[in-house]
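All remarks here apply to the structure that follows.
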Amino acid sequence: RINPLAAPALAEMAAEAGKLETDAAWRAQVKKLDAVAEFQPVLPSTLQAQLRDYQLQGFEWLARLAEWGVGACLADDMGLGKTAQALAHILIEKQAGRLDKPALIVLPTSLVFNWQAEARRMAPSLRVLALQGAQRAENFAQMAEVDIVFTTYPLLWRDLAVLEQQTFPLILLDAAQT
């Protein structure tokens, strides 16, 4: 088996080698890569934010990788709009039908309010749930009914047994420095 992330380099080498015998799985992977190269993501109409050029590039990159079926790490300096790109990505994943269960966002405790506010402002169509405080267990049953579940790093470990019961097709880790 070949990891899908190795496929672009191997496809390039295969093209240079000329004739090459491959199996159906490899041909499917190359076909998928070709389709992803042609894929032109469009910002969801439900996004209530104007992305800067570099944010749009980040969004498109995330969308292409999701279309391909692999994950990513979006990293840049603080304050450059990763939250907006992430929310746009969640919206397009929902629109594409790949987000039929909630996304899990794990973040520092100090950022929960900010993420909730940004989601309300930029992606008001998304239903969010913050698992916080001593009464958070009362909200566990609501996880399947929302689009985004927020939890914090300290609570992730405390609530792991419950969170493992829920499927999260998308997990975002906000590693902001606090």
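Counting the residues of segment 150-178 that are touching a Pro at 6+ places or on another chain (Cβ under 9 Å), polar (S, T, N, Q) and open to solvent by less than 70 Å² (accessible area, probe 1.4 Å) gives 2. Flag: Ala49 matches the condition of being within 26 Å of Ala175 (Cβ to Cβ) and touching a residue at least 60 places away in the same chain (Cβ under 8 Å).
Take residues that are open to solvent by 20 Å² or more (accessible area, probe 1.4 Å) and modelled with pLDDT under 90 and tell me which of the helices (runs of 4 or more DSSP H) falling wholly in segment 45-149 contain 1 or more. Even if it seems obvious, please write down each step before you answer.
Details: elements: 53-68, 82-95, 112-122.
Those helices (runs of 4 or more DSSP H) span 53-68, 82-95.
The values are calculated or read from the model by the stated rules, or taken from the named source; none is laboratory data. Treat the numbers as computed from the prediction; the structure is a model and nothing was measured. Note: ideal-geometry Cβ built from the backbone for every residue, glycine included; neighbour counts use all protein chains shown. We work out accessible area using only protein heavy atoms, side chains counted, and drop any ligands, DNA or RNA first. Shrake-Rupley method; radii C 1.70, N 1.55, O 1.52, S 1.80 Å.
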